Each structure stands twice: as C-alpha cells, then as structure tokens.
C-alpha cells in the first residue's frame, strides 16, 4: 500500500498541521520508504530464528506462569483509595461552569 499526497494532506488536516508542498512531498517519500522497509522485513523467513532480547519472561510478574526466578515486580496493590472529590466541590472555584461541567474558551479554530 502506497501513501499518496492526498493521504498526507488528509492526516495533516486531522492533526491540524499546515505542511508546505515540499514538506508534503518529503512526508510521502518518508512514509513510503518506511512501508517498503516493513514489507521487506515481512518477507523474511524467521521461523528458524529464536527470539532474542525478550524481557517478557523476566518481568512477567509474581504469580504469573511465565515468571522466572528473576521476576522483580511486586503484586498489584491499591494504595490510598478514597472517594473522589464531589462534583459540586470541584466546581466551586471554576471561573465558569454550567453546574455540571467546567466551561472553557475554545482554543482550536477550524
């Protein structure tokens, strides 16, 4: 799948980015280069290669069937649980509110 200039313009508009024509062309080239490289990697036969540098077993966590002797993570614990701030208290010092939500000025223009 190739990336087109229209694709880059569309994503740039979604991200509210203004790209020059030169930046747009370079982005198309860069993205297509990355996709070509990933395609080359996907064609490699890695069935006979053992994984290397995997940390998942070392850090699988206590109690996990994959946890090894060097597992260093603690059990999940919930510290300091307390009720949330009541909504009315949260809105007390709000400069503007509709009684339910904070009202803030629009900062993104389209």
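How do 1, 27 rank when sorted from fewest to most other Cβ atoms within 10 Å of their own Cβ?
The order, fewest Cβ neighbours first, is 1, 27.
Taking the Cβ of each residue in 108, 49, 34 as the centre, tally the other Cβ atoms inside 10 Å and list the residues starting with the fewest.
With the sparsest Cβ surroundings first, the list reads 108, 49, 34.
Taking neighbour Cβ counts within 10 Å as the exposure measure, how do 40, 82, 26 sort from fewest upward?
If I rank by nearby Cβ atoms, fewest first, I get 82, 40, 26.
Just so you know, all these numbers are worked out from the coordinates, no wet-lab data involved. Quantities reported herein were computed from a predicted structural model and do not represent experimental measurements. Here Cβ is always computed from backbone atoms with ideal geometry, including for glycine, and neighbour counts include all displayed protein chains.
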